[in-house]
Protein chains: 2
Amino acid sequence: MLVLRHCHRLTRFGPLSPQRPQASSAGAWCSLRLVSSSNNNDSKEQRWEHPGHAPNLRLAFAGLLAGTGAVLAYGLHHHKAEQSDIVSAQLKAQPSQLPVFSQEEVTKHRTPKDGVWVTYKGGVYDITEFVAVHPGGDKILLAAGGALEPFWALYAVHNQEHVLAMLSEYKVGELRAEDQKKQQSAASSDPYSSDPERHPALRVNSLKPFNAEPPPELLSDSYVTPSAIFFKRNHLPVPRVDPASYELRVDGLPGGGLKLSLEDLKKRFPKHTVTATLQCAGNRRSEMNAVKQVKGLNWGISAISNATWAGARLRDVLLAAGYDADAAQWARHVQFEGLDKDVTGTTYGASIPVNKAIGEEGDVLLAYEMNGEPLPPDHGFPVRVVVPGTVGARNVKWLSKITVSAEESGSHWQQNDYKGFSPTTDWDTVDFKSAPAIQELPVQSAITVPADGAAVPRASEEVTVKGYAWSGGGREVVRVDVSLDGGKTWQVAELRSSDGGQSPEPSPPPGRAWAWKLWELTAPLPSEARQLEIVCKAVDNSYNMQPDTVAPIWNLRGVLSNAWHRVKVNIVDSDE
Amino acid sequence: MLVLRHCHRLTRFGPLSPQRPQASSAGAWCSLRLVSSSNNNDSKEQRWEHPGHAPNLRLAFAGLLAGTGAVLAYGLHHHKAEQSDIVSAQLKAQPSQLPVFSQEEVTKHRTPKDGVWVTYKGGVYDITEFVAVHPGGDKILLAAGGALEPFWALYAVHNQEHVLAMLSEYKVGELRAEDQKKQQSAASSDPYSSDPERHPALRVNSLKPFNAEPPPELLSDSYVTPSAIFFKRNHLPVPRVDPASYELRVDGLPGGGLKLSLEDLKKRFPKHTVTATLQCAGNRRSEMNAVKQVKGLNWGISAISNATWAGARLRDVLLAAGYDADAAQWARHVQFEGLDKDVTGTTYGASIPVNKAIGEEGDVLLAYEMNGEPLPPDHGFPVRVVVPGTVGARNVKWLSKITVSAEESGSHWQQNDYKGFSPTTDWDTVDFKSAPAIQELPVQSAITVPADGAAVPRASEEVTVKGYAWSGGGREVVRVDVSLDGGKTWQVAELRSSDGGQSPEPSPPPGRAWAWKLWELTAPLPSEARQLEIVCKAVDNSYNMQPDTVAPIWNLRGVLSNAWHRVKVNIVDSDE
């Protein structure tokens, strides 16, 4: 249960204006302190303090409206829609002594100078003071003079009790009844209405945008993850693309660039096939949340999957577009843009270093197939980038544009997200420029079977432990150590690189081990034990190892969570 | 203090032969159990058990005669030469009831069939039974029928009390006095006599071969380590090479290979300069020894240094030798041989993957300069390989031959040394084929100042911590976290890439960060603390982190020791 404390200390607004009785709530916004009332442990307390640091606060929440998946930014848990609906209903039901405004009047307030008004479910709100501290930045002005609903439909993060509670403090009037009706009839459709059907086995972390992971025990059942249960990580609604009119642009090189249809991509360039594991930077974030709450989707251990991708090599396309020795002199990055966009028209974007893009051994694909079929809509139909060994966020889906550049992508996701920081860095002190954008990921492994808390019958006399292991940058996993006693003693697991009955894939060339290893260990149950703490850790061929514990690698965005994975299981006698 | 227990259980020799009263000591060799009498802690006990596993035991010690630096294999500490001399003198002084043999008779015993005899300081020893279990393998037969002294001069490991004690059990007679005199006059000179002078500041880990590291506080004083104090890691005596007659052969490619003089190397190929850090795989081994004794030199934290190297690119030389697209079809490794050799003529050797050798971004040098001067003798004069980002062992010195091959180097150091294993793997269970040869090293950092146990005056009110950080594979160190409280809280250190007063080196291209970062943090002394446990950990740009603790990465060769580095310092009041 969350308790909100509003602190009325002001920040950049100076003393309260008597004309603006709501202004105090602007201060409340930026001195917001969120406390988990069920837990008084300091280390778990949620703090957004230092109200004097409004610019940092803005930076801190900059990803919000941008839909970065920071959908939990204001809360510890998923707020159930019903709760919000109750508050919303209360909001609406309040007997109002406030004036009634026409839409025409509301529309006059679209700038800080004229005041910024918005409407929401028939209420009129003057949010002028709030604009400067809106976590999503200036994008809030897109709603100025109009309704919030279409924007909040895109970013479901707003649909939470305390957001609505805070909004209520800005209320200045009611919208005229006939304008309310007009709004309702003109209501934009749900931008997520064209999202595809998903497999019911998926564990949903957020519906809009859709983010979900398979149950761990399914993950380790298949060396190549079936597309339907391959983890889904969308930042925005799934764009529906007509393959016949699809066009990919390649820009940034002399000669006017290149435009390719889907057919061009398939026919002009050799088809190249790569089995590669993709992992979200936030995989295993829930373990960081257990140390101290971070911002982001509460991923378990399954924001990682392995598929066989086929398509044109990015290298071949860049060479066809005119990449040459001259370009190599100035080019440093290759930027990608997706067709997925937010209400402002801003598309998802990311970039990778040019040496990864152009290198013969980089194996970067413009993929149009996943596991032998056209890409599913959730995975970027008709064309996505697959950057083997590199964090999922750079594997841009629904690819529309490639730009060779001296600069990194300027996108929010490249500049102000997907970076790692010291555990001491908080949202008041973070300087996103001080850390490199995540590209290659560190060595990783996790236990998929048994599940934490599972019962193991003593009569079985042994326990079988399964999991996955992978490392970024093409570094092959060469060993997985498993402990049944919390890390005191270790046994070496058996690795596999294929599904049962199939011959293992040949060992990859050095630096090109893009696919994970599944691993398994069957060990006798220690005779006296009543509980096992099972631990795994992987080693890659650069002999990087996973850190022992989570707290020292904790970071405010909850990325790069790769400490030893631990599950506790209980050994039960048959009569229990 | 070491206690040797001889166990008389036999292994492969069957029952004791009454003609060979010494045979029991052969059994003693392979069931040798070494126990530190000063420490009854099981985890620290030195065990070489399972006497039935003679082949494993041989494997375990296979590096011994080969001079791999496993000079501590029989002991916990450096045995002082004086101790050995006392035993040796006792050996010699024993009133002998044994027969006197001529050199001629001794020389007849050179095969297992005829018996294998050797002489040592006037004694004659029948070591026939010992040959099969000699840690150094068949190489012992090189001494058959002759004197041990020239061999033991090469491998100082033998000059230890317990080795001499065991030898004494094989004694069968005395060498005729006139033959003793002949031996002494013909005594081969010390193979290390031409080793160069070394800087007195170096801390010597072994004299023959010479292995030494600088004091840590000197290390962090210079971004580019002065050559004189750059850590020395020799496997064999330093060969003295005449630069005028020096010849480098490049083999394995069609067309008969290439031969290059030093002048050829300097004139035919562009000179390329790279600042690169080299690190011994055994750096920080002493911390593993503190967990449980391993085999190898007891390196502190300074088996790492940074220098500016200049020479021809290996890539350019390979292309000149005929490396082409055809070669790329079959070539997988590039092997190197040094001019340093043991008594059998076996030279030091190693290999690297061909993609590292030929890649434009690999920056592998055939270096003839170190820090602007010709290579010093200890560092490979006139030519060595510098493989940036790769373990020191592959940076072959005194380079004589390069071979392009489908296979790795077959050398001991590539196949049966310099590999990492699980902490559970011991010398009885190790399978060297199961692990890849170390190439790229994992992320590393250590504290050079203050030293462990140092006193920090409380009056100073703050403490300055300094150190180095580096990662293999060209991965740039992007952050170093420092803790003053054993890892509970962290502060971010300042990194530097140049010496004071000089402009920092430009940021390297991705994947080509070959040089370390020095780092420094000045922090207030915690007011109440009487002791600080200072800890550091580095992060590279693949966001690999160091493991928290040593025990879970412990391995029988004591390589890859990269857990958080910890030093304890005492805060002292001025009146203390």
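The values are calculated or read from the model by the stated rules, or taken from the named source; none is laboratory data. Owing to the predicted nature of the structure, the values given are computational and were not obtained by experimental measurement. Here Cβ is always computed from backbone atoms with ideal geometry, including for glycine, and neighbour counts include all displayed protein chains. What goes into the accessible areas is simple: the full protein's heavy atoms, side chains included, and nothing from ligands, DNA or RNA. Shrake-Rupley method; radii C 1.70, N 1.55, O 1.52, S 1.80 Å.
A few comments on the model shown:
- Cα pair distances exceeding 18 angstrom across the stretch B:467-576, given as percent: 57
- Shortest-first distances to equivalent copies, position A:E533, nm, label 7 Å out along Cβ: 1.6
- A:R203 - accessible surface, heavy atoms, 1.4 Å probe, Å² rounded to 10: 120
- For the stretch B:176-243, the fraction of alpha-carbon pairs in successive 10 Å shells from zero, as %: 18, 35, 23, 14, 7, 3
- Label geometry 7 Å along the beta-carbon vector: A:Q491 inter-copy distances in nm: 4.6
- Modelled spin-label separation between B:D573 and A:R240, with each label point placed 7 Å from Cα along the Cα-to-Cβ direction: 7.9 nm.
- Dipole magnitude (debye, nearest 20) for the stretch B:346-479, charges at Cβ of Lys, Arg, Asp, Glu: 80
- With 10 Å² as the minimum drop in accessible area between chain alone and full protein complex (1.4 Å probe), the qualifying residues in the stretch A:334-374 are A:P353, A:N355, A:E361.
- Set A:K356/B:K356; A:K208/A:K397; B:K181/B:K208; A:K419/B:K466 screened for pairs whose C-alpha atoms are more than 19 Å apart: B:K181/B:K208; A:K419/B:K466
- The phi torsions of the stretch B:521-528, fed into the Karplus equation with coefficients 6.51, -1.76 and 1.60 and a -60° offset, translate into couplings of 9, 10, 9, x, 6, x, 4, 8 Hz, rounded to whole numbers, with Gly and Pro shown as x.
- Relative to the other identical copies, A:S434 shows label-point distances of 4.4 nm, where the label point lies 7 Å from Cα along the Cβ direction and values run shortest first.
- Across the stretch B:235-384, Cα-Cα pairs farther apart than 26 Å form 34% of the total.
- Approximating the spin labels as points 7 Å out from Cα along Cα→Cβ, the A:K267-to-B:K271 distance works out to 5.6 nm.
- Per-selection Rg to Rh, the stretch B:391-434 - Cα, Kirkwood hydrodynamic radius: 1.05
- Average partner coverage of A:533-544, which counts Cβ from other chains inside 10 Å: 6
- Using alpha carbons only, the radius of gyration of the stretch A:338-467 set against its Kirkwood radius gives Rg/Rh = 1.10.
- Solvent exposure, largest accessible area first (probe 1.4 Å, DNA, RNA and ligands not counted), of A:W519, A:W330: A:W330, A:W519
- For the stretch B:265-374: accessible area per residue (Å², 1.4 Å): 33
- Where A meets B: accessible area buried, both sides, 1.4 Å probe, Å²: 3000
- Paramagnetic reach from B:R249 in the stretch B:393-410 [backbone N under 11 Å; point 7 Å along Cα→Cβ]: B:400-403
- Atom-type composition of the exposed protein surface of the stretch A:222-306 places 51 percent of the accessible area on carbon and sulfur (1.4 angstrom probe).
- Only Lys, Arg, Asp and Glu carry charge here, each on its Cβ (+1 for the first two, -1 for the last two); on that basis the stretch B:288-377 has a dipole of about 520 debye about its Cα centre.
- Between the amide H of A:F381 and those of A:W398, distances stay under 5 Å, these residues lying 5 or more places away or on another chain, with hydrogens modeled in the peptide plane.
- Amide H contacts of B:E174: B:V100, B:F101, B:V124, each under 5 Å away and 5 or more positions distant or on a separate chain (H built 1.01 Å from N in the peptide plane; Pro and chain starts excluded).
- Per-residue HN-Hα couplings for the stretch B:218-227 [Karplus 6.51, -1.76, 1.60; θ = phi - 60°; Hz; x = Gly/Pro]: 6, 4, 7, 7, 10, 4, 9, 5, x, 4
- Electrostatic dipole magnitude of the stretch A:435-576 [Cβ: Lys, Arg +1; Asp, Glu -1; Cα centre; debye, to 20]: 560
- Note on the stretch B:347-393: dipole from Cβ charges, positive end direction compared against B:Y348, B:V391, B:L365; the farthest Cα belongs to B:Y348.
- Peptide A:545-555 shows a mean partner chain C-beta count of 6 within 10 Å per residue C-beta.
- Taking Lys and Arg as +1 and Asp and Glu as -1, the other residues whose beta-carbon sits under 10 Å from that of B:V477 total +1.
- Rounded to whole Hz, the Karplus (6.51, -1.76, 1.60) HN-Hα couplings of the stretch B:355-362, x for glycine and proline: 5, 5, 5, 9, x, 4, 9, x
- Listed residues B:S305, B:L175, B:S206: farthest to the positive end of the dipole of the stretch B:168-306 (Cβ charges): B:S305
- Rounded percent of accessible protein surface that carbon and sulfur make up, the stretch A:495-557, 1.4 Å probe: 52
- Surface per residue (accessible, 1.4 Å probe) for the stretch A:411-456, Å²: 31
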